[in-house]
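The values are calculated or read from the model by the stated rules, or taken from the named source; none is laboratory data. A quick note: this is a predicted structure, and the numbers were derived from the prediction, not measured. We work out accessible area using only protein heavy atoms, side chains counted, and drop any ligands, DNA or RNA first. Shrake-Rupley method; radii C 1.70, N 1.55, O 1.52, S 1.80 Å.
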Amino acid sequence: MQEAAELARVSTRTIRRRIADGVLPARRFGPRLIRVDLNQLDEMGRPLPGRRVS
């Protein structure tokens with residue numbers, strides 16, 4: 001989770017919240033180890049609305 005937090009430039013607490021919310025899929029390996037699919041980090045953020053230029 002630390003690596004995922006660093007790559008996403010967020011705290012590990014935010015990663016934990018997104019896992020709990022179901023936004024970021026994760027798997028538990030043993031009693032303490034939680035792994036996050038780093039490919040899913042891009043999907044974690046929501047896109048900002050684009051600005052229309054006329």
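Side notes on the structure shown:
- Hydrodynamic radius of the chain per Kirkwood, over alpha carbon pairs, in Å: 12.2 Å
- Contact order, relative form, for the chain: 29 percent (alpha carbon pairs under 8 Å, 6 or more residues apart, mean separation divided by residue count).
- Ellipticity at 222 nm from helices only: DSSP H runs of n ≥ 4 in the chain, each -39500 (n - 2.57), divided by the residue count, give -9500 deg cm²/dmol.
- Expressed as a whole percent, the accessible surface of the chain that belongs to carbon and sulfur atoms is 46, based on a 1.4 Å probe.
- For Ile34, residues with placed amide H under 5 Å, excluding near neighbours: Phe29
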